[in-house]
Amino acid sequence: MGTSQSKDPEVENALAVFSKSEQVEMERLFKKLSGPNSKAFSLEQLQIHLNGILCETIITRLHYTMANIQTQPELEADIHDMPDNSEDVTTLTTVTYDTFVISLAHLIKGDMHEKSHFINCLATETDYASPSDMIWFVTNIVQAYLEVKAEDAHTVSWQTETEEEDLRRFAIFILEDLFNKDLKYNSSPMHTSDVPFGVTYRDDELETWLSQSALFLHIIDTIFHSCFPVKMVDAMFSQNNLLPLCKDINWEKTTTILDIPSVLGINNSLPHQLQNQWSLLYTSQLHGESFSTMIKRVKDQGPTILVIRDTDGHIFGGFASESWTMKPQYSGDPSCFLFTMQPKLGIYTSTGYNDHYMYLNSGQSTMPYGLGMGGQFDYWGLWLDGEYGIGESRAEPKCTTYNSPQLSRQPEFQIDAIEFWAVGPDIEKEGGSMKHVISASGLDLTDAHVSILDKDPEAKAMLSLINRGPVSDGLREGDRTADTPEQHQLPPM
């Protein structure tokens, strides 16, 4: 048949999802793959084409699935079912133009059902993928994504190594929604039971998971667009970097405790307008181990990411949606979150139970001296003491603000390293002072928008201490908790 117009309805329907220009590109690519023999291409020819992008096992499974897609359109063929002696050898061992068209329609322009079928066929040699199959597959696809993006300016800006364990943690993070239904509740701070055993996943379960994982869908779409560049990718998709541009760091003088897969996961959890760039504000490795120095470098800098490594090797932190400013009140908004990187990558978002998102205060003996996120005094989701070097994470079983577990190995931890990163567009300043303070949700928090209740937070705090706090707080748009931390006692976590 070659590349002549097929009369098969299935092929015609597949062709119809591509524009005329895309059909031309598809035919050109097929001829490039098949070489002198324009009727089909072999596994070896596909391996040459995809060398350096996908691993050998995935290429082998991809070729077999493409070769058999027309005879088994629901992609339920088992790779072990290939007969030893078949009269129609071409159908089983080479990819014709018709099967190529149908395959690309599913891979590149298909719906969740079609893509999840392909994922199942690429992840396992059996009918149903196991958790270990899925971890292996996602790890390889993410690694391929980083290879495809290796020359991108955003990727080049991060001069840090990616270890195999970093990819595995990210894969488990990506698969969390798929795995969670098979995991019993585990309150252990160590979170060792992240992967279920003795289960497999049907196509419909993979379809549900894929529909909920926009991050992995973007990653795998990028891979197959790179493998088979026939689709006219819109400008927004091609410019949408999952990895932020890394700025204001001298890699000759310092390193980072971040790893690339973790940055992908954390960045994807930020508000969209903050995902394009991260700028280093403070690192204890370069700027010294001093709380006052740290705060001087990070306050009034807009939304930030805080990353901590404790002396037990746990890495964790939080996203602050607004500038860090000194005041005896909680600040921030529901877009704030806490996260863990090691031993597990996890994102813990606002519960809505209270508004204790961010806290920074010093110089007042009546108020805690330090930086906190979530929970309440003495039961912080995350706390850095004003005396540099120690911190706390006392969330048992969960932090009320973020539903986060204990982030560190011990409730009280020793700090090994700290980093602060500004995220999003550069802050505009006039005469050295902030021109605008924009929250992660896009709210303008400049002085004209601040309630009169917040004009003098220190006076308000003192009034609260003598039980003469402002009586109108409870009328502020249904606020469930007062701005001053002590006004509401929270249950122990």
Conditions (1) under 30 Å from Asp133 (Cβ atoms); (2) in contact with a Phe, Trp or Tyr (Cβ under 6 Å, 6 or more places away or on another chain); (3) of a type outside the set (Gly, Ala, Ser) -> Tyr282 fails only (1)
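Being of a type in the set (Val, Ile, Thr) and more than 24 Å from Glu147 (Cβ to Cβ): is that true of Ile59 here?
So Ile59 fails the test.
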Whichever residue in region 377-391 is touching a strand residue (DSSP E or B) at 6+ places or on another chain (Cβ under 6 Å) and not small (Gly, Ala, Ser) and, among such residues, is surrounded by the fewest Cβ atoms within 10 Å (Cβ to Cβ):
Asp385
Scan of region 336-352 for residues that are in a loop (DSSP other than H, G, I, E, B) and buried (at least 22 other Cβ atoms within 10 Å of the Cβ), ordered by number
Cys336, Leu345
Give region 334-355 a look and list any residue that's over 26 Å from Ile257 (Cβ atoms) and either outside the structural domain of Ile315 (by TED's automatic domain parsing) or not aromatic (Phe, Trp, Tyr) (or both), or say none.
Pro334, Thr351, Gly352, Asn354, Asp355
I'm checking my understanding of the structure. Among residues of region 266-279 that are over 18 Å from Ile347 (Cα atoms) and either among the charged types (D, E, K, R) or surrounded by fewer than 20 Cβ atoms within 10 Å (Cβ to Cβ) (or both), which one is nearest to the chain's Cα centre (by Cα)?
Asn276
Which condition number in (1) touching a helix residue (DSSP H, G or I) at 6+ places or on another chain (Cβ under 8 Å); (2) at pLDDT below 95; (3) of a type outside the set (Phe, Trp, Tyr) is the one that Glu151 fails?
(1)
Tell me, yes or no, whether region 349-361 has at least one residue that is touching a Cys at 6+ places or on another chain (Cβ under 7 Å) and not small (Gly, Ala, Ser).
yes
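Residues are listed down the side, and each one gets a yes or a no for (1) in contact (Cβ under 8 Å) with a residue 24 or more places away in the chain; (2) of a type outside the set (Lys, Arg); (3) surrounded by 20 or more Cβ atoms within 10 Å (Cβ to Cβ); (4) assigned by TED's automatic domain parsing to the domain that holds Arg168:
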| residue | (1), (2), (3), (4) |
| --- | --- |
| Met326 | yes, yes, no, no |
| Gly332 | yes, yes, yes, no |
| Met358 | yes, yes, yes, no |
| Gly372 | no, yes, yes, no |
| Gly375 | yes, yes, yes, no |
| Ser393 | yes, yes, yes, no |
Residue in region 74-92 that is modelled with pLDDT of 95 or more, exposed (fewer than 14 other Cβ atoms within 10 Å of the Cβ) and assigned to a helix (DSSP H, G or I) present
no
As an exercise: evaluate Asp312 against (1) at pLDDT 95 or above; (2) assigned to a strand (DSSP E or B); (3) not small (Gly, Ala, Ser) and give the number of the one condition it does not meet.
(2)
Out of everything in region 268-285 that is farther than 24 Å from Phe173 by Cβ and in contact with a Ser or Thr (Cβ under 6 Å, 6 or more places away or on another chain), what residue ends up being modelled with the highest pLDDT?
Thr283
Those residues of region 221-237 which are part of a helix (DSSP H, G or I) and at pLDDT below 90 amount to Ala235, Met236, Phe237
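The values are calculated or read from the model by the stated rules, or taken from the named source; none is laboratory data. These figures come from a predicted structure and were not determined experimentally. Reconstructed Cβ throughout: ideal geometry from the backbone, glycine too, with neighbour counts over all protein chains shown.
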